[in-house]
Amino acid sequence: MQFFFLVSFYLLAVPATVLACEGDCIVEITKAFLSNYTDPIRLTMQQLAQEISYSIPNQPSPERTINYLQPLLDAYNDDAYDGMENAIFPSYFHGKCLRDGVTPPGCPNPDCDVVCGTPGSLVHFYPKLRYIAYNQTYHGLQRLASPGTDAYKQVENAILNSVHQEGPPSRRSSRLFARFSPLAGSSPTSLASRRDDDEDIRVKVQTIMAKIRPTLESVCGGSGNGETNGLPNCSWEDAMKAYILTFP
């Protein structure tokens, strides 16, 4: 599976006077990874939306259900840049490339075997770099998709409102579907049943939202355990190494 990579756009944005990976180098490499993950995140949300559509009584289409997840995507996009930049620079890649006070061969580029803040170091340790990007992506999404966050509450409310406004489809043989029948009255018993059903839906939503990591992991095609050959669909290794080395 190949995902769209806007490397040509970022190549045009590279300034000619960058020293090591600082300033625009940091900004543009961070943006490149965020751009790369646009498609994997979209596919992950589509799978979650499909599961939600099968799990709630009125069973809206996945195309409609994915709109209920928009608050999560909006919140992620608001936070994504700062989180990704910090995860890569300076949390892992930072500082000068020195070994015993001397700049090793290949540093700052094209291939520097010292963990530091230069393009050659990012290229040499690219397996680690791509895992950092994956790890930050799923952590950012999972944090926002946890009960109690504003994004989670908005998603949950959108799903509950959909069920309450439309009711279930015509087949009402199950207990859950029957409770949401428009013919049901507003007796204490029916109100209690509605509360029970709301709680059933909340539990299902929480279970589905907790699947962000394994779903993204599946989309990326790997175990997500940091191995060199992991995450083959979320690697972009050749394109990213070439792009990184456009920075001096």
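Descriptive notes on the structure:
- Residue in the range 70-88 that is part of a loop (DSSP other than H, G, I, E, B) and touching a residue at least 24 places away in the same chain (Cβ under 8 Å) present: no
- Check on Leu216, modelled with pLDDT of 75 or more, in contact with a Gly (Cβ under 7 Å, 6 or more places away or on another chain) and crowded, with 16+ Cβ neighbours inside 10 Å: no
Residue-by-condition table, conditions (1) in contact (Cβ under 8 Å) with a residue 60 or more places away in the chain; (2) open to solvent by 20 Å² or more (accessible area, probe 1.4 Å):
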{"site": "Leu98", "(1), (2)": "no, yes"}
{"site": "Asn109", "(1), (2)": "yes, yes"}
{"site": "Cys112", "(1), (2)": "no, no"}
{"site": "Pro127", "(1), (2)": "yes, yes"}
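- All positions within the range 139-161 that are crowded, with 19+ Cβ neighbours inside 10 Å and modelled with pLDDT under 95: Ile159
The values are calculated or read from the model by the stated rules, or taken from the named source; none is laboratory data. Quick caveat: nothing in here was measured; it's all calculated off a predicted structure. Quick reminder, even Gly has a Cβ in these numbers, built from the backbone with ideal geometry, and neighbours come from all protein chains shown. Protein only, heavy atoms only, side chains kept; ligands, DNA and RNA dropped before computing areas. Shrake-Rupley method; radii C 1.70, N 1.55, O 1.52, S 1.80 Å.
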